[in-house]
1. Within 10 Å, count the other beta carbons around each residue, average over each peptide in 49-55, 92-98, and list them highest first.
2. Would you please classify the overall shape of segment 59-131 from the alpha carbon gyration tensor, given that a ≥ b ≥ c denote the square roots of the eigenvalues, rounded means a/c under 1.5, and beyond that prolate means a/b larger than b/c while oblate covers the rest?
3. Testing the spin-label approximation: label points 7 Å from Cα along Cα→Cβ at N70 and S122. State their distance in nm.
4. Can you work out ³J(HN,Hα) from phi for every residue in segment 118-131, in order, using Karplus 6.51 cos²θ - 1.76 cosθ + 1.60 and θ = phi - 60°, giving whole Hz and x for Gly and Pro?
5. Let me spell out the model: positive unit charges on the Cβ of Lys and Arg, negative unit charges on the Cβ of Asp and Glu, origin at the Cα centre of the chain. What dipole size does that give, in debye rounded to 20?
6. Two decimals is fine: what is log10 I(q)/I(0) at q = 0.10, 0.13, 0.17, 0.18 Å⁻¹ for the chain, from a Debye sum with one equal scatterer on every Cα and no solvent?
7. Tell me which residues come under 5 Å, amide H to amide H, from T73 once H is placed; ignore anything under 5 positions away on its chain.
8. In whole percent, and with a 1.4 Å probe on the protein chains, what portion of the accessible area of segment 1-119 is carbon and sulfur?
Amino acid sequence: MATISFTTALRNEYETLFNSCIIRAERISTVNDTISMIQANKDRYVAVGKLTGIPWSFIAVIHNMEASLNFKTHLHNGDPLTGRTVQVPAGYPKKGNPPFKWEDSAADALAIKKLGPNSDWSLSGTLFNLE
């Protein structure tokens, strides 16, 4: 069976799905609150982005998905920064000693996924990486 290339098989599908998304009226307030919290901490996301070569907005979305924008938890999975991760992926960061700085742990989490400046950060590439 042939491997399907992301660029040929999924790019248009991701873009079509994104362009067809509609925020339900009852969720607009939640979306706006989340955007406000992300914007308030943009400098932290930009700092990690400079370390990793990853767009700050991608880091912010992952932070919301994995840790509910809590800077006291690992970007890997939301476990407390006071120790290594316990949930999957367990035992991270491998280097350093707790308590970990959020920025260091976030860079570690992104490195595990092998994401960086050479990743596809187009709209469809970003959505693929988020999935």
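1. 49-55, 92-98
2. Here segment 59-131 falls in the prolate category.
3. A separation of 3.7 nm, rounded to one decimal place.
4. Those phi angles translate into 8, 6, 7, 9, 5, 4, 5, x, 4, 4, 4, 5, 5, 6 Hz.
5. Result for the chain is approximately 340 debye, rounded to the nearest 20.
6. One equal scatterer on each Cα of the chain leads to -0.37, -0.62, -0.98, -1.06.
7. Those qualifying (amide H under 5 Å, at least 5 residues apart or on another chain) are L81.
8. 56 percent
The values are calculated or read from the model by the stated rules, or taken from the named source; none is laboratory data. All figures in this text were calculated on a predicted structure; none of them were measured in a lab. A quick note on method: Cβ atoms are made from the backbone with ideal geometry, for glycine too, and the neighbour counts reach across all protein chains shown. SASA here: full protein model, heavy atoms, side chains in, ligands and nucleic acids out. Shrake-Rupley method; radii C 1.70, N 1.55, O 1.52, S 1.80 Å.
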